[in-house]
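First comes the structure, then the notes that go with it.
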Amino acid sequence: MKFNAPGSEGVVVGAMATPTQGFTGTVSFVQLLNNRTITYTSPGYQNGGCSVTQVLDHTYPYTTVASVGPALYLYDSPSATLSAPLQGGGWTNIIQGAVEQFQATTYVMWQPSTPNSIPVPLGNLTWIWNGNAALTATWTLDNTDPGNPNNSTYFAFASSTAFPNWTSVATGNGNCQLPH
């Protein structure tokens, strides 16, 4: 289950900063997972899942970015695996359903080119994605949540000098326990 890849339906955050004349620097992103919960259902097996809160999303600064002219863009596509590994190798479809609830805050940072400077926040935006996949004959993604028919929500950029704060680093599906 995936909130599509860059250039598709995944989230794209763009930023551009124009410094005061005579000053230079660079823009970067820091992304925190405020809440990410994945729940797997698998009739006849022990269900699985995981939950993380207030963790750094993979790297500091965030590395899935591209520059276009003076602007910098961040790309993200949350995903949850829909197969479980077999003990002898390979994969099986014992997973019959998966629900992912994802909320992230993306910080736009500015680092002046002056010696010994540090990145400082310019502001942030929070975004949410939810997915519900079910296996019948084929996998289907349910996007019928009446409160959120597109399964995603974006909040406006908010100027802020608050630094991002995290307790650990999320990598891949992290501590997600698959059904077994």
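Derivation of every value follows stated rules applied to the coordinates shown; laboratory data play no part. Here the structure is a predicted model, which means the values were calculated and not measured. Neighbour counts are summed over all protein chains in view; Cβ atoms, including those assigned to glycine, are modelled from backbone coordinates with ideal geometry.
Of note:
- Prolate/oblate/rounded call for the stretch 11-170, Cα gyration tensor, a/c under 1.5 rounded: prolate
- Summing charges over all other residues whose Cβ lies under 11 Å from the Cβ of Arg36, with Lys and Arg as +1 and Asp and Glu as -1, gives -2.
- Cut-off 13 Å, label 7 Å out along Cα→Cβ of Thr64, residues of the stretch 16-52 by amide N: 31-33
- Full-extension gain in nm, Thr26 to Gln46, via 0.36 nm per residue minus C-alpha separation: 2.4 nm
- Theoretical FRET efficiency, 1/(1+(r/R0)^6), r = Cβ-Cβ of Asn34 and Leu135, R0 30 Å, to 0.05: 0.55
- Extension gain from Ser77 to Met16, taking 0.36 nm per residue of separation minus the Cα-Cα distance: 19.8 nm
- Trp166, Trp129, Trp139 arranged by Cβ crowding within 10 Å, fewest neighbours leading: Trp139, Trp166, Trp129
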